[in-house]
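The structure appears below as structure tokens.
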Amino acid sequence: MKTPLNADLHCHSTFSDGLMSPTAVVERAANNGVDLLALTDHDELAGLPEAREAARATGVAFVDGVEISISWLDQSVHIVGLAVDPASAMLAAGLAAVREGRDTRARRIGDELARIGIEGAYEGAASYAENPSLIGRAHFARYLVSIGVARDTQQVFDNYLVRGKPGFVDHEWATLDQAVEWIHNAGGLAVVAHPGRYRFSKAEMSGLFERFAELGGDGVEVVTSSHTRAQVLEYARVARRYGFLASRASDFHGPGESQFDLGRGPSLPPDLTPVWERLPVS
Ligand code: AMP
Ligand code: MN
Ligand code: MN
Ligand code: MN
């Protein structure tokens with residue numbers, strides 16, 4: 001029997017909120033037996049040339065990717081673009097606008113934390129972000145752990161950075177329609193990232209998938225490290241119902257930061273069409 005392809009189509013580097021350089025991510029993927037890798041930094045394409053070069057050097061097949069932050073109802077949702085052309089002017093302009101909003105939001109998170117006596121958090125988070133235009137909550141979390149406000153980053157999220165907590169700031173990201181348009185304009189496939197993480201009602205979640213399908217959205221992450229086994233089965237059913245391609249990914253940010261490492265997730269249910277069957281791989 002043919003061994004299934006070990007594909008990992010969602011991970012992060014220091015160009016967003018990952019802990020390792022693109023080269024180190026690719027080398028780790030190669031060591032873990034990954035055959036096909038996509039780097040998908042948040043709202044940013046700048047790490048792709050380095051990753052592609054490292055992939056060439058290590059013999060891992062590589063796909064240019066991105067994870068776009070959007071707002072759906074009152075929550076942030078992530079849409080992964082796979083095999084996007086990094087030279088697409090529309091995608092670049094869209095992502096630049098999202099990054100600008102991200103900096104404004106990071107300053108507001110800093111202001112909110114100052115109100116409860118945590119001073120200098122914007123600057124602290126910035127010192128954890130190698131890419132100054134990409135400060136995210138993970139950087140705040142790492143800074144707050146470093147000053148002893150919490151034991152680990154999970155505790156920072158739970159106590160400070162999620163809705164209802166003092167450092168949470170409502171933010172308007174891109175729209176779903178924009179993200180799908182930018183990805184398609186750049187020749188890529190659009191995939192709903194880690195659907196099990198969203199806190200929508202059943203009807204709201206169906207609304208998201210229905211609109212995504214109407215827009216010509218391509219796929220859904222069925223296997224991702226934040227999904228339970230039950231969620232893998234649940235989103236496999238979603239893939240079948242809407243005719244979406246299925247993706248498999250670690251959403252790796254750094255050693256020990258996700259449930260499974262690069263390329264170490266379970267296989268997709270065998271009846272689904274893997275998204276990589278439709279990817280131009282080079
Ligand atoms: P942001 O794009 O700034 O809203 O940050 C989102 C990122 O924060 C995600 O990509 C994860 O890296 C991290 N994150 C989000 N929620 C959590 C959570 N509950 N626990 C730990 N990390 C989280
Ligand atoms: Mn992240
Ligand atoms: Mn995400
Ligand atoms: Mn991610």
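The values are calculated or read from the model by the stated rules, or taken from the named source; none is laboratory data. Every value quoted in this text rests on a predicted model; they were computed, and no experiment measured them. Cβ placement follows ideal geometry from the backbone for every residue including glycine, while neighbour counts extend to all protein chains displayed. When the accessible area is computed, the model is the full protein with side chains, heavy atoms only, and any ligands, DNA or RNA have been set aside. Shrake-Rupley method; radii C 1.70, N 1.55, O 1.52, S 1.80 Å.
Going by the structure shown, is Ala246 more than 16 Å from ligand 1 (Cβ to nearest atom), buried (at least 19 other Cβ atoms within 10 Å of the Cβ), free of Cβ contacts under 8 Å to residues at least 60 places away in the same chain and among the aliphatic types (A, V, I, L, M)?
On the way: more than 16 Å from ligand 1 (Cβ to nearest atom): yes; buried (at least 19 other Cβ atoms within 10 Å of the Cβ): yes; free of Cβ contacts under 8 Å to residues at least 60 places away in the same chain: yes; among the aliphatic types (A, V, I, L, M): yes.
Criteria met by Ala246.
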> Filtering segment 268-282 down to residues that are within 24 Å of Met205 (Cα to Cα) and outside any helix (DSSP H, G or I), which residue is most open to solvent (accessible area, probe 1.4 Å)?
Replying inline: Asp271
>> Within segment 15-44, take every residue that is under 14 Å from Glu130 (Cα atoms) and surrounded by 22 or more Cβ atoms within 10 Å (Cβ to Cβ) and give me the one that is farthest from ligand 2 (Cβ to nearest atom).
In response: Pro22
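The rows are residues; the columns are (1) of a type in the set (A, V, I, L, M); (2) within 16 Å of ligand 3 (Cβ to nearest atom); (3) touching a Cys at 6+ places or on another chain (Cβ under 6 Å); (4) open to solvent by 10 Å² or more (accessible area, probe 1.4 Å).
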{"position": "Ala97", "(1), (2), (3), (4)": "yes, no, no, yes"}
{"position": "Gly101", "(1), (2), (3), (4)": "no, no, no, yes"}
{"position": "Ala106", "(1), (2), (3), (4)": "yes, no, no, no"}
{"position": "Glu112", "(1), (2), (3), (4)": "no, no, no, yes"}
{"position": "Glu119", "(1), (2), (3), (4)": "no, no, no, yes"}
{"position": "Ser127", "(1), (2), (3), (4)": "no, no, no, yes"}
{"position": "Ile147", "(1), (2), (3), (4)": "yes, no, no, yes"}
{"position": "Asp152", "(1), (2), (3), (4)": "no, no, no, yes"}
{"position": "Val156", "(1), (2), (3), (4)": "yes, no, no, no"}
> Within segment 194-210, is even one residue open to solvent by 30 Å² or more (accessible area, probe 1.4 Å), closer than 14 Å to Trp72 by Cβ and within 16 Å of ligand 4 (Cβ to nearest atom)?
Replying inline: yes
> List pairs: first in segment 70-84 and among the aromatic types (Phe, Trp, Tyr), second open to solvent by less than 40 Å² (accessible area, probe 1.4 Å) and modelled with pLDDT of 95 or more, Cβ under 7 Å, 6+ apart or cross-chain?
Replying inline: Trp72/Leu176; Trp72/Leu208
> Applying the selection to segment 165-204, what residues are under 24 Å from Ser258 (Cα atoms) and either over 16 Å from the mean Cα position of the chain (by Cα) or within 13 Å of ligand 1 (Cβ to nearest atom) (or both)?
Replying inline: Lys165, Gly167, Phe168, Ala193, His194, Gly196, Arg197, Tyr198, Arg199, Phe200
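Could you please give the count of residues in segment 129-145 that are closer than 17 Å to Gly164 by Cα and open to solvent by 10 Å² or more (accessible area, probe 1.4 Å)? Explain how you work it out, then say what you get.
Kept after step one, since they are closer than 17 Å to Gly164 by Cα, are these residues of segment 129-145: 137, 140-141.
Adding the requirement that they be open to solvent by 10 Å² or more (accessible area, probe 1.4 Å) leaves 137.
Number satisfying all stated conditions: 1.
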>> Ala125 - would you say it is part of a helix (DSSP H, G or I), within 23 Å of Pro22 (Cα to Cα) and without any contact (Cβ under 8 Å) to a residue 12 or more places away in the chain?
In response: no
>> Taking the criterion of being closer than 17 Å to Glu67 by Cβ and in a helix (DSSP H, G or I), would at least one residue in segment 10-18 satisfy it?
In response: no
> In segment 164-208, what residues are under 30 Å from Arg115 (Cβ atoms), touching a residue at least 60 places away in the same chain (Cβ under 8 Å), within 16 Å of ligand 3 (Cβ to nearest atom) and not aliphatic (A, V, I, L, M)?
Replying inline: His171, Trp173, Tyr198, Arg199, Phe200
